[in-house]
Amino acid sequence: MPAITPTPSFLASLDPSAPDADDSARALTIGDRTFTRGGLFEAAERLGRTLDGEEGPVAVNALPTAETVVAIVACLLSGVPVVPVPPDSGPAEIAHFLRDSGATRWLGPEPAGGLPPLRNPGSSASPLGTHRPAVIFYTSGTTGTPKGVLHSHATLAHGLDALAEAWEWTPDDSVVHGLPLFHLHGLVLGVLGALRVGSPVTHTGKAKPALYASTPGTMYFGVPTVWSRIAQDEEAARALSPARLVVSGSAPLPVPVFDRLKHLLGAPPIERYGMSETLITLSTRPRGERRPGWVGTALPGVETRLRAEDGGLLPADGDSVGVLEVRTPTLFDGYLGRPDATADAATPDGWFTTGDLAVRDAGGFHRIVGRSSTDLVKSGGYRIGTGEVEGVLLDHPAVSEAAVVGVADDDLGQRLVAYVVATDPPGPELARTLVAHAAATLSWHKRPREIRFLDSLPRNAMGKVQKRRLAQT
Ligand code: MLC
Ligand code: AMP
């Protein structure tokens, strides 16, 4: 993890010394607040001055508000690492994020249950050591608590420039979305991307069809759940037809949704693929082919290959399914404090193992087929580790066994279903209690959408729960 010098030009459009800077140009609208480029820079700089000497990282309660954007931009401009915290996080998650990152300050409203103690730099060393990442994203793995994904100013800058090139994204564009401000999609692409390119962005607060439809723009970003809802709302979909690009990512876009958007908008959506760890690596192009079910070709600087179960490399024949490996200048700087997990994700020759199953055709087009592990679920575009949810359910006194699986869902792509062996009488009331327990301990978006009670969980001869059998029940 090389230490990197923060560069104020990462958010290039806010650079006050830029020769063609127009301070009065609109930079951001969120809620009822609109900032000019100069106004946003000034607000962030003012807050940044209070961070002077802050070792950080600084945790930001990433509500969809102007204050959140100002806080994150302030950290980036000041070179203080920032941890965007999902605002619906429960106390266990918040305590983990703060402890694991060694956060020294919290910006934004305090959580309802109060704030756990922050690290005092004077009395304990930073888990970051000498490294100064730009952002730490917490993301779920197949087991254990979420891991901190470290990105430098350099990887973010590279990733956004590659996207700008691929999408022909210029200051003449205007971006619209309502995605959460604590993940790659909504924060890096949707806000920092716009601030780097210099195209104004409107955040709609929520990712609702009517809000997208009533907000003019040239580029709309959404996860497939958002596009599926818009595709069912003909009026909303038609309102987006003047847009230059409608972009889907974070989860597979179902082919019927692709087809319906193409019909209603008059042009097919752009699909792009990425991960918190790699940033965006594949995309279709505005002037290129957009093929339903396929996520396009490598972005500038990115290489891909497919690995078979037997360890060999697979041909790009449009048919052979293997685990997708990528080599990219946008690769993260590792998982915070987890050299074991960082090493596990790398091949001996330095490629990153995504864990996604894919095919690639001779023209370099990729289709994402699924994930190699059933323990990582994508629901509404959120990545959720089933182990984490099982652990929380097992902490409840009425639960003796629990297994969580992702089940196909027309709206969310996958929805979390928890199979539970209960010590209390099972029924709707206990189901509601367990959902509320998971939502309150972890976060609202990680709650199981359904609890199914069983007398015992199906296990193999080794005692391991057979999740594939559960997912079929
Ligand atoms: C929310 N609600 C609550 C609550 N929190 N109610 C009680 N208690 C709480 N704590 C309310 C909401 O306001 C809403 O009400 C209702 O519950 C449903 O909320 P929800 O569960 O959030 O909505 P849902 O329909 O499930 O969400 C769909 C969605 C959401 C698409 C809007 O899943 C979403 O924002 N997904 C984006 C995830 C994302 O950005 N992933 C990218 C990761 S980066 P009401 O009345 O308002 O409806 C990545 C890399 C890449 O993947 O490639 O991009
Ligand atoms: P996250 O860690 O939340 O960034 O999620 C990354 C994961 O989202 C990837 O490993 C994929 O499984 C999934 N993903 C992202 N974009 C797409 C896409 N366009 N199609 C299918 N899956 C996607």
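Checked against (1) touching a Phe, Trp or Tyr at 6+ places or on another chain (Cβ under 9 Å); (2) within 27 Å of Leu299 (Cα to Cα); (3) among the small types (Gly, Ala, Ser), Ala164 passes all but a single condition, namely (1). More than 28 Å from Thr155 (Cβ to Cβ), within 15 Å of ligand 2 (Cβ to nearest atom) and assigned to a loop (DSSP other than H, G, I, E, B), is that true of Pro315? So Pro315 fails the test.
All conditions but one from (1) touching a Phe, Trp or Tyr at 6+ places or on another chain (Cβ under 9 Å); (2) in a loop (DSSP other than H, G, I, E, B) apply to Thr29; the one that does not is (2). For region 264-286, state whether one or more residues are part of a helix (DSSP H, G or I) and either without any contact (Cβ under 8 Å) to a residue 40 or more places away in the chain or more than 14 Å from ligand 1 (Cβ to nearest atom) (or both). Taking every residue of region 264-286 in turn, at least one turns out to be part of a helix (DSSP H, G or I) and either without any contact (Cβ under 8 Å) to a residue 40 or more places away in the chain or more than 14 Å from ligand 1 (Cβ to nearest atom) (or both). Scanning region 204-224 for residues that are assigned to a helix (DSSP H, G or I) and within 16 Å of ligand 2 (Cβ to nearest atom) returns a single hit, Pro224. Here is the figure for region 104-121: residues that are under 21 Å from Pro64 (Cα atoms) and not basic (Lys, Arg) total 10. When Trp227, Trp169 are checked against the criterion of being more than 14 Å from ligand 1 (Cβ to nearest atom) and either in a helix (DSSP H, G or I) or of a type outside the set (Val, Ile, Thr) (or both), Trp169 stands alone in meeting it. Any residue at all in region 333-343 that's crowded, with 20+ Cβ neighbours inside 10 Å, within 13 Å of ligand 2 (Cβ to nearest atom) and not assigned by TED's automatic domain parsing to the domain that holds Thr130? Within region 333-343, one or more residues are crowded, with 20+ Cβ neighbours inside 10 Å, within 13 Å of ligand 2 (Cβ to nearest atom) and not assigned by TED's automatic domain parsing to the domain that holds Thr130.
Might you let me know whether region 192-199 holds any residue that is away from ligand 2 (no atom under 16 Å from the Cβ), of a type in the set (D, E, K, R) and surrounded by fewer than 23 Cβ atoms within 10 Å (Cβ to Cβ)? Scanning region 192-199, I find no residue that is away from ligand 2 (no atom under 16 Å from the Cβ), of a type in the set (D, E, K, R) and surrounded by fewer than 23 Cβ atoms within 10 Å (Cβ to Cβ), so the answer is no. Within this structure, Asp356 passes the test of being within 14 Å of ligand 2 (Cβ to nearest atom) and among the acidic types (Asp, Glu).
Residues that are touching a residue at least 60 places away in the same chain (Cβ under 8 Å), within 15 Å of ligand 1 (Cβ to nearest atom) and assigned to a loop (DSSP other than H, G, I, E, B) within region 237-253 comprise Gly249, Ser250, Ala251, Pro252, listed in sequence order.
The set of residues in region 228-250 being more than 16 Å from Arg290 (Cα to Cα) and either within 13 Å of ligand 2 (Cβ to nearest atom) or under 20 Å from the mean Cα position of the chain (by Cα) (or both) consists of Ser228, Arg229, Ser250.
Scanning region 151-173 for residues that are of a type in the set (A, V, I, L, M, F, W, C) and under 13 Å from Phe10 (Cβ atoms) gives Ala154, Leu156, Ala157, Leu160.
Against the test of being touching a Phe, Trp or Tyr at 6+ places or on another chain (Cβ under 9 Å), farther than 24 Å from Ala298 by Cα and outside the structural domain of Arg37 (by TED's automatic domain parsing), the options Gly205, Gly178 yield a single qualifying residue, Gly178.
Taken together, the residues in region 441-457 that are touching a helix residue (DSSP H, G or I) at 6+ places or on another chain (Cβ under 8 Å) and either within 16 Å of ligand 2 (Cβ to nearest atom) or assigned to a helix (DSSP H, G or I) (or both) amount to 4.
The values are calculated or read from the model by the stated rules, or taken from the named source; none is laboratory data. Quick caveat, the model's predicted, so the values are computed rather than measured. Counting neighbours? That spans all protein chains shown, and the Cβs are built from the backbone with ideal geometry, glycine included.
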